[in-house]
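Down below is the structure, laid out as structure tokens.
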Amino acid sequence: MVLFCILFYAINVVIGYYLEEPHRALIKKNKSVGFSMGKDFYSTPAHTIDMFFLGSSHSYRTFDPAIFDAALNIHSFNLGTPSQCPVTGYYVLKQALKTQQPKIVISEIFWLTFSGQDEFSNASLAYGFIRSPDVRNEFFQKGFNAEGKLTMLISSYLYRQNFEDFVRLMMGKDLKHEDDGTTRPNGYIESSKVVSLKELNEKNRFNGTKYKEDDISAKQVLYIKKTVELCRARNIAIIFVTSPLPSVTLNKVKDYKGIHDYISRLAEKLRVPYIDGNTDLPKGLLSDGDFSDMDHLNKAGVEKFDAYIISRLKDHSRV
């Protein structure tokens, strides 16, 4: 039995190593979101970051630290990770506060990340960033269910979705699931691509998306509250921001008003300022040409939206 376990573990490690090759290929191309963000963060001197951005891809494709730094004469950093939900975001922030004491945290609020009961997909992508044993252990215990914990320990199963890309690499082909964005310093991902109307209309995953309050996970809301409490305990201001969607996409979301109203009520209850990029922007600030796909801004859109957020921060003496 012992020999079988050793053999199983050895085979698992070998297969896991090869299935992780697509990720290493992305690192070489400077297209690995989590690796680049972690590398930049841990090379930053302690107590030098003034502003953090939290959230999913709607954070790291929306908030460009270089724009905020130039306008506000600060040092900001984007802690966004793929599909980051409030549970994962809390532990990412808790880790970052081990060495940094920012004055403000901007938390991107994307309602779909509030519905997950199982955080494995986004938690596993952020797990490597968390290095402090106490935070890492707490995150492992509370951020993963039993199946997720087991999966994290079996690397061959963890990276099973990389199989197709591994085969493509072995055949000398490009990765099928390669992101179109380019990593920039301090956690930002930039894309100059302009989405086509055909893509917005025919390949839009938001088509028929409907808000239902019953879909909101109590656990995710709890961790939003914990994030606010963590910030206040460290004397850090926090602001909620929802990144904008193209008008075509927004029109495909049924009852967006219900989504906006729910988040507004939550923000008011927590006494946190809230800026909704889908309802609060000056008319004509953005067009569908300012987006790289169905729900992410491109470089031109980021420049416009970030300038607006900066103006709001200045107006309310938040910086």
For this session: Mind checking the stretch 56-100 for trypsin sites (Lys or Arg not before Pro) that DSSP puts in a loop (not H, G, I, E or B) and that have at most 12 other Cβ atoms within 10 Å?
Result: Lys98
For this session: Give, in nm to one decimal, the length gained when the segment between Phe140 and Ala218 is fully stretched (0.36 nm per residue of separation minus the Cα-Cα distance).
Result: 26.2 nm
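With the cut-off at 1.5 for a/c, could you classify the stretch 198-300 from its C-alpha gyration tensor as rounded, prolate or oblate?
Prolate is the answer for the stretch 198-300, as a/c is 1.5 or above and a/b outweighs b/c.
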Seminar exercise, completed: Here the gain from full extension of Ser132 to Lys257, 0.36 nm per residue of separation minus their alpha-carbon distance, amounts to 41.0 nm
Exercise. Which entries in the list Lys198/Lys257; Lys203/Lys225; Lys257/Lys314; Lys103/Lys254; Lys203/Lys257; Lys193/Lys254 go over 31 Å, if you measure between the two C-alpha atoms of each?
Worked result: Lys203/Lys225; Lys103/Lys254
For this session: Just flag the trypsin sites (Lys or Arg not before Pro) in the stretch 234-317 sitting in loop per DSSP whose Cβ has no more than 10 other Cβ atoms within 10 Å.
Result: Arg271, Lys283
Problem set entry | Residue-span extension gain [Thr99 to Lys269] - 0.36 nm each, minus C-alpha spacing | 58.2 nm
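Below 15 angstrom from the Cβ of Glu108, what's the summed charge of the other residues (Lys, Arg +1; Asp, Glu -1)? Each step should come with its number before you reach the end.
Details: positive: Arg61, Arg312; negative: Asp64, Asp276, Asp280, Asp295, Asp306.
With Lys, Arg at +1 and Asp, Glu at -1, the net is -3.
Read-outs: derived from the displayed coordinates by stated rules, not from any lab. It should be emphasised that the depicted structure is a prediction, and the values quoted were computed from it without experimental measurement. Because the Cβ atoms are built from the backbone with ideal geometry, glycine has one as well, and the counts that use them run over all protein chains shown.
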